[in-house]
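J.: To start, I am sharing the structure in question, which I have written as structure tokens.
The values are calculated or read from the model by the stated rules, or taken from the named source; none is laboratory data. Note that the coordinates shown come from a computational prediction; the quantities given were computed from them, not determined experimentally. Cβ placement follows ideal geometry from the backbone for every residue including glycine, while neighbour counts extend to all protein chains displayed.
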Amino acid sequence: MASETDVRAKLQRAGQDHLLRFWADLAPEPQAALLAELASLEPDALREHCQRASAACALAPGPLLDLEARLQPLPPERVGSAVRCDRETLLRWEEEGFRQIALNKVAVLLLAGGQGTRLGVTYPKGMYQVGLPSQKTLYQLQAERIRRVQQLAGQRLGTHCTVPWYIMTSEFTLGPTIKFFKERDFFHLDPTNVVLFEQRMLPAVTFEGKAILERKDKVAMAPDGNGGLYCALVDHQILEDMKRRGVEFVHVYCVDNILVRLADPVFIGFCVLQGADCGAKVVEKAYPEEPVGVVCQVDGVPQVVEYNEISPEIAGLRGADGGLLYNTGNICNHFFTRGFLDMVTREFEPLLKLHVAVKKVPYVDEEGNLVKPLRPNGIKMEKFVFDVFQFAKNFVALEVCREEEFSPLKNADTASSDNPSTSRRALLAQHYRWALQAGAHFLDVHGVQLPEQSG
């Protein structure tokens, strides 16, 4: 193990030796833990990370320069619609998707490394219950959907098939998630087909470019964003595991969408039949200023442009049909071929842009007292999973119905949207619609048939 002298020298080289300022106050055990944490930080990389964070934060994001001239909607031939296409086309996509699932060529990959701070919980978001009558958590709903899609694909093609579930966690979510799954017997999935792995962590940094101490014996670390996926795939040999299992297509999604369709056969089939190496599900934007990224082209290359990078004038532009020109809202629901992921990890990952997230980061002050700041005081640097679209040889997007497929859980119930109540209502409304479509009738307490509700 590295000595205090070695680590101090490394930190001085990085301009971060303040991280050892409480060394003398610590007992041997916390000293050892701090040394182990600091020894893993490479000095040149640490210095560069802190300088980069400070410099990137100084350049506040705003509308992209000359965006109007550089921006275009996706070409129509790159976009399909599960909402507007005919039934025959939809069935053809679905059939192909089920075929690939039955051949064991499809895996799902869950991005679950975030801390759920906006939701206000201290445990992984996947363990959250939105208040359904069944009291099911997000993890349980997702596990049951995997079992069902395996069953449906197997029945169609008279085979037994498996959709492996890869779950990317972080230092915060790995332990609790493993414990949660074990206690619940992996929701009747085969544990060998549930692969948990961890993304990297990066130090949170002050506006002056100094790494933050959250305790006398601990640096404030944060997950490196959902785009940390590509380094994590390499760190844990995930692509090799997929190759061993014969997986060719990967459906990547975020933990917090209660309506997510895992290994959605329509989406998989659409992408495969289009010969795509990379794809995104999108929903029609509800209104021009809706705070979602837009999947479009910049300088002829597919990209997600964040809502704060588009001026209100461009956001409000309308096409010949009267609809919004830039209406393809990104919902963090993606298709990748294993070959494309392999290429990204080998060639393109170092080119991914780092994005700035300004956050309230608890810290210890000069006297060693814990401070919980009232306003943002630190920078967390993140990569975004969708920043690889630009490297695709054949990128496609599939428009889906928001009411059927997208209701994210971001905030506590004190917020007006994307909260536990809106998530719960979205799922219950969907199940109500499904029951009506199947011929069900709803009765009141006196056995009188209720009129059908719209919406």
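J.: Please indicate, with yes or no, whether at least one residue in region 265-277 is more than 21 Å from residue 389 (Cβ to Cβ) and out of contact with any Asp or Glu (no Cβ under 7 Å at 6 or more places or on another chain). Give the steps one after another, and end with the answer.
T.: Of all residues in region 265-277, those more than 21 Å from residue 389 (Cβ to Cβ) come to 265.
Filter once more, so that each one left must be out of contact with any Asp or Glu (no Cβ under 7 Å at 6 or more places or on another chain): none.
No: zero hits.
J.: Just to check your reading of the model, which residue among 124, 76 is more than 23 Å from residue 232 (Cβ to Cβ) and modelled with pLDDT under 95? Give the steps one after another, and end with the answer.
T.: Details: 124 fails: more than 23 Å from residue 232 (Cβ to Cβ).
Residue meeting the stated conditions: 76.
J.: Let me spell it out: the conditions are (1) over 30 Å from residue 52 (Cα atoms); (2) at pLDDT 95 or above, and residue 197 meets all of them except one. Which number is the exception?
T.: (1)
J.: Which residue out of 297, 274 is over 30 Å from residue 149 (Cβ atoms) and modelled with pLDDT of 95 or more? Write out each step before concluding.
T.: Numbers: 274 fails: over 30 Å from residue 149 (Cβ atoms).
Exactly one of 297, 274 is over 30 Å from residue 149 (Cβ atoms) and modelled with pLDDT of 95 or more, namely 297.
J.: Would you mention how many residues in region 11-54 are at pLDDT below 90, part of a helix (DSSP H, G or I) and exposed (fewer than 12 other Cβ atoms within 10 Å of the Cβ)?
T.: Adding up the residues that qualify gives 2.
J.: If you don't mind, there's one more thing I want to ask. Which count do you get for residues in region 336-368 that are among the hydroxyl-bearing types (Ser, Thr, Tyr) and in a helix (DSSP H, G or I)?
T.: Looking only at region 336-368, we keep the residues that are among the hydroxyl-bearing types (Ser, Thr, Tyr), and these are 337, 345, 363.
Now drop any that are not in a helix (DSSP H, G or I), which leaves 345.
Residues flagged as among the hydroxyl-bearing types (Ser, Thr, Tyr) and in a helix (DSSP H, G or I) within region 336-368 amount to 1.
J.: Counting just the residues of region 324-378 that are of a type in the set (D, E, K, R), surrounded by 13 or more Cβ atoms within 10 Å (Cβ to Cβ) and closer than 18 Å to residue 209 by Cα, which one comes out nearest to the chain's Cα centre (by Cα)? So that I can check it myself, show each step before the final result.
T.: Step one: of region 324-378, the residues of a type in the set (D, E, K, R) are 338, 342, 346-347, 349, 353, 359-360, 365-367, 372, 375.
Filter once more, keeping what is surrounded by 13 or more Cβ atoms within 10 Å (Cβ to Cβ): 338, 342, 349, 359-360.
Next, from what is left, pick out any that are closer than 18 Å to residue 209 by Cα: 359-360.
Numbers: 359: 18, 360: 21 Å.
Ranking the qualifying residues of region 324-378, first place goes to 359.
J.: Can you name the residue in region 422-451 that is in contact (Cβ under 8 Å) with a residue 60 or more places away in the chain and under 21 Å from the mean Cα position of the chain (by Cα) and is also surrounded by the fewest Cβ atoms within 10 Å (Cβ to Cβ) among such residues? I'd like the intermediate steps shown before the answer.
T.: Kept after step one, since they are in contact (Cβ under 8 Å) with a residue 60 or more places away in the chain, are these residues of region 422-451: 423-424, 426-428, 430.
Then keep just the ones that are under 21 Å from the mean Cα position of the chain (by Cα); that gives 423-424, 426-427.
Working: 423: 23, 424: 18, 426: 22, 427: 16.
Looking at residues that are in contact (Cβ under 8 Å) with a residue 60 or more places away in the chain and under 21 Å from the mean Cα position of the chain (by Cα), I get 427.
J.: Residues to consider are 412, 435, 397, 429; find the one that is outside any loop (DSSP other than H, G, I, E, B) and in contact with a Leu (Cβ under 7 Å, 6 or more places away or on another chain). Outline the logic, then answer.
T.: Numbers: 412 fails: outside any loop (DSSP other than H, G, I, E, B); 435 fails: in contact with a Leu (Cβ under 7 Å, 6 or more places away or on another chain); 429 fails: in contact with a Leu (Cβ under 7 Å, 6 or more places away or on another chain).
Going through 412, 435, 397, 429 in turn, just one is outside any loop (DSSP other than H, G, I, E, B) and in contact with a Leu (Cβ under 7 Å, 6 or more places away or on another chain): 397.
J.: Something else: Looking at region 406-416, is at least one residue closer than 26 Å to residue 204 by Cα, in contact with an Asp or Glu (Cβ under 7 Å, 6 or more places away or on another chain), of a type in the set (Lys, Arg) and at pLDDT below 95?
T.: yes
J.: For region 6-48, which residues satisfy the criterion of being in contact (Cβ under 8 Å) with a residue 24 or more places away in the chain and of a type in the set (S, T, N, Q)?
T.: 16, 31
J.: Being buried (at least 18 other Cβ atoms within 10 Å of the Cβ) and either part of a helix (DSSP H, G or I) or touching a helix residue (DSSP H, G or I) at 6+ places or on another chain (Cβ under 8 Å) (or both) narrows it down to one of 253, 230, so name that one. Walk me through how you get there before you give the answer.
T.: Values: 253 fails: either part of a helix (DSSP H, G or I) or touching a helix residue (DSSP H, G or I) at 6+ places or on another chain (Cβ under 8 Å) (or both).
Matching residue, one of 253, 230: 230.
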